[in-house]
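The values are calculated or read from the model by the stated rules, or taken from the named source; none is laboratory data. All of these numbers come straight from a predicted model, not from anything done at the bench. Cβ coordinates were reconstructed from backbone atoms using ideal geometry, including for glycine residues, and neighbour counts include every protein chain displayed.
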Amino acid sequence: MRADLLTEPVDGLDEVLAAVDAFDQALVAGLVRPQPGQAAALAGLAEAVAGTPLAARVAEAAEKTAAASAGEEHLTALAAARTALLGSVHDALTARLQEATGRARSAETVLTPGGQRTVNLLAAARSWLVDLARAGWRGIDHDVVSASAQVVSAMLPDPSLRRQAVLLDGFAAELAASCPGATLERVPVRRWADLWSRAMLLTLPGAADVPAAGTVTGRLLPLGVDVHEHATAVQAQVHAVLEPADGSASRLVRAAVAVPKPDTVVGAGLWQLLRPRTSLLAAVGEGRSMDLADMPVTAEGDLLWDDEYARPGEPAEAFATARVALPAAADPATAPLDRHPARIAVPVFLEGYTAQEEDGALTFTVAGHPLAVDTDRIPAAGPLTPEAVAASGACIGLLRWDAGAYRVQPLAVETTVRKKTVTLHAGGWAGGTADKAGVRAEKAATAAVAVLRERAGRLLRK
């Protein structure tokens, strides 16, 4: 991998992000009566898209909003401009990653048209989002936020609106937990602007159309597991190389399983909730491939996992896959509305680096170029630790872009213990373990889960 490309600046990146940041700051105070600084931010957003098909609409929207006469269509245009700018950042960063890894990219996605039977609900949701933008994050209170409840309740039963409903519900919950906005010590400016602009666009008819899905048959070679944990939910996302049975080019795919959880189940206990949902985790823990037959897959490379279409295959060591199969695998395409720097997570294999730790920050020096290591993303639900990463000589990880720089999130490492090469995986306990630390953690989690199940059963009997 050409690590030098990851440290070189990307032309125009800082200017685009500055325009986005200025607009995000304008949302903090609200757009009902913009001040001169907010008006300048709106003009900057319009200028940033001046050479695009959005130019005329965004220029009008910026002018109307600065004059406190913006309608719903104007705020929608501003959300579209912001999304387009971050999409351009995503494309520039992934193009640089593609050049650095030397891997090809899958063809662009084709969208499947959706129905438009729920226009009224979408319009109601958009109206609430407009009220939010006018109030601003400092102006939110429980009355403003709670106005979403009726809309969300009406949307959730409809499967075609589930995506928008869950986004709105989660966004409203975050805002409600932060009310009143005037007393907040710190506003999550970028995050709330991301959620607002995405929600605005997903309420437009046709915007939530999804990439066309197909099926795949072939051999799945797991690389590693990325664990996403929340107080009330957990997801395990397996990154893997798919070798199609028809002999076509191999490609990178993902398979995820998510479950709700109580906040008392943490660490290795997460696997007890996840394992029953998919056989893939057992294969990952055992270091095996999976043989797929007509497994549903989206155009973005997400397997819609169903155990009915999979069976365990031959042993497949992740580092052998990373060395041999990963360089030839094509990266998946990204749907238009999913183009955002935060979505970047590109599997890579690194070796021959040196690791240095300074002030608690770990860095790999790859071919003479520094690459930050994001050890905060290493889950407690596996044997992989920051200390093992610092002592490693080879790493399978996900390249992300955060705080203005590329960072590698370790999924697995090779290191030397007592003169022997051993591998440690973030998902090493996914299918069970004989590791002493893992066994102790499993026992503690089993007790916690048993108590919760007993209490739940008692409540149901009552």
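What is the one condition in (1) within 30 Å of L195 (Cα to Cα); (2) not in a strand (DSSP E or B) that G397 does not satisfy?
(2)
Yes/no matrix, rows are residues, columns are (1) surrounded by fewer than 18 Cβ atoms within 10 Å (Cβ to Cβ); (2) out of contact with any Leu (no Cβ under 9 Å at 6 or more places or on another chain):
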| position | (1), (2) |
| --- | --- |
| V216 | no, no |
| V227 | no, no |
| A236 | no, no |
| A245 | yes, no |
| S248 | yes, yes |
| R254 | no, no |
| W271 | no, no |
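From the list L459, L424, which one is farther than 24 Å from A92 by Cα and without any contact (Cβ under 8 Å) to a residue 40 or more places away in the chain?
Testing whether each residue is farther than 24 Å from A92 by Cα and without any contact (Cβ under 8 Å) to a residue 40 or more places away in the chain leaves just L459.
For the stretch 131-180, which positions are free of Cβ contacts under 8 Å to residues at least 60 places away in the same chain and closer than 24 Å to A61 by Cβ? So that I can check it myself, show each step before the final result.
Our first condition is that a residue be free of Cβ contacts under 8 Å to residues at least 60 places away in the same chain; within the stretch 131-180, this holds for 131, 140-180.
Listed by number, the residues that qualify are D131, I140, V144, A147, S148, V151, Q164, L167, L168, F171, L175.
Name the residues in the stretch 374-384 that are surrounded by 17 or more Cβ atoms within 10 Å (Cβ to Cβ) and out of contact with any Asp or Glu (no Cβ under 9 Å at 6 or more places or on another chain), would you?
T375, I378, G382, L384
Looking at A80, is it free of Cβ contacts under 8 Å to residues at least 40 places away in the same chain and surrounded by 15 or more Cβ atoms within 10 Å (Cβ to Cβ)?
So A80 does not fit the description; no.
Has the stretch 202-217 got at least one residue that is closer than 30 Å to V265 by Cβ and either in the same structural domain as S127 (by TED's automatic domain parsing) or at pLDDT 95 or above (or both)?
No, the stretch 202-217 has no match at all.
Would you check which residues across the stretch 299-313 are under 19 Å from R251 (Cα atoms) and surrounded by fewer than 17 Cβ atoms within 10 Å (Cβ to Cβ) and list them?
L304, G313
Considering only the stretch 116-129, how many residues are under 30 Å from L42 (Cβ atoms), surrounded by fewer than 20 Cβ atoms within 10 Å (Cβ to Cβ) and out of contact with any Pro (no Cβ under 7 Å at 6 or more places or on another chain)?
Residues flagged as under 30 Å from L42 (Cβ atoms), surrounded by fewer than 20 Cβ atoms within 10 Å (Cβ to Cβ) and out of contact with any Pro (no Cβ under 7 Å at 6 or more places or on another chain) within the stretch 116-129 amount to 5.
Considering the stretch 154-202 alone, what residues qualify as being among the hydroxyl-bearing types (S, T, Y) and touching a Lys or Arg at 6+ places or on another chain (Cβ under 7 Å)?
Scanning the stretch 154-202 gives a single hit, S197.
The rows are residues; the columns are (1) under 20 Å from the mean Cα position of the chain (by Cα); (2) farther than 24 Å from R254 by Cβ; (3) exposed (fewer than 11 other Cβ atoms within 10 Å of the Cβ); (4) not basic (K, R).
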{"position": "P386", "(1), (2), (3), (4)": "no, yes, no, yes"}
{"position": "W401", "(1), (2), (3), (4)": "yes, no, no, yes"}
{"position": "R407", "(1), (2), (3), (4)": "yes, no, no, no"}
{"position": "K419", "(1), (2), (3), (4)": "no, yes, yes, no"}
{"position": "K443", "(1), (2), (3), (4)": "no, yes, no, no"}
{"position": "A456", "(1), (2), (3), (4)": "no, yes, no, yes"}
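Looking only at the stretch 62-72, decide whether some residue is in contact with a His (Cβ under 8 Å, 6 or more places away or on another chain), of a type in the set (S, T, Y), under 15 Å from W196 (Cβ atoms) and crowded, with 19+ Cβ neighbours inside 10 Å.
Scanning the stretch 62-72 turns up at least one residue that is in contact with a His (Cβ under 8 Å, 6 or more places away or on another chain), of a type in the set (S, T, Y), under 15 Å from W196 (Cβ atoms) and crowded, with 19+ Cβ neighbours inside 10 Å.
Could you say which residue among A282, A231 is of a type in the set (G, A, S), over 27 Å from L399 (Cβ atoms) and in contact with a Lys or Arg (Cβ under 8 Å, 6 or more places away or on another chain)? I'd like the intermediate steps shown before the answer.
Details: A231 fails: in contact with a Lys or Arg (Cβ under 8 Å, 6 or more places away or on another chain).
After applying the criteria, what remains is A282.
Picking from A46, A59, which residue would you name as being among the small types (G, A, S), in contact (Cβ under 8 Å) with a residue 12 or more places away in the chain, assigned by TED's automatic domain parsing to the domain that holds S197 and surrounded by 22 or more Cβ atoms within 10 Å (Cβ to Cβ)?
When all the criteria are applied, what remains is A46.
Among the candidates A283, A355, which residue alone is touching a residue at least 24 places away in the same chain (Cβ under 8 Å) and buried (at least 19 other Cβ atoms within 10 Å of the Cβ)?
Working: A355 fails: buried (at least 19 other Cβ atoms within 10 Å of the Cβ).
Within the list A283, A355, the selection yields A283.
Taking the criterion of being surrounded by 19 or more Cβ atoms within 10 Å (Cβ to Cβ), closer than 30 Å to E15 by Cα, under 17 Å from the mean Cα position of the chain (by Cα) and of a type outside the set (A, V, I, L, M), would at least one residue in the stretch 359-373 satisfy it?
Within the stretch 359-373 (the criterion being surrounded by 19 or more Cβ atoms within 10 Å (Cβ to Cβ), closer than 30 Å to E15 by Cα, under 17 Å from the mean Cα position of the chain (by Cα) and of a type outside the set (A, V, I, L, M)), the answer is no, since none of the residues qualifies.
Would you mind stating whether S127 is closer than 26 Å to A335 by Cα and either at pLDDT 95 or above or part of a helix (DSSP H, G or I) (or both)?
Considered against the rule, which asks whether it is closer than 26 Å to A335 by Cα and either at pLDDT 95 or above or part of a helix (DSSP H, G or I) (or both), S127 comes out as yes.
Looking at R198, R186 in this structure, which one is loosely packed, with under 14 Cβ neighbours inside 10 Å and either of a type outside the set (D, E) or touching a Leu at 6+ places or on another chain (Cβ under 9 Å) (or both)?
Of the residues listed, the single one that is loosely packed, with under 14 Cβ neighbours inside 10 Å and either of a type outside the set (D, E) or touching a Leu at 6+ places or on another chain (Cβ under 9 Å) (or both) is R186.
What is the one condition in (1) farther than 24 Å from V389 by Cβ; (2) loosely packed, with under 15 Cβ neighbours inside 10 Å; (3) modelled with pLDDT of 95 or more that A320 does not satisfy?
Unmet condition: (1).
Can you confirm whether the stretch 158-171 contains a residue that is at pLDDT below 95 and outside any helix (DSSP H, G or I)?
yes
Taking P383, is it on the phi < 0 side of the Ramachandran plot, in contact with a strand residue (DSSP E or B) (Cβ under 7 Å, 6 or more places away or on another chain) and modelled with pLDDT of 95 or more?
no
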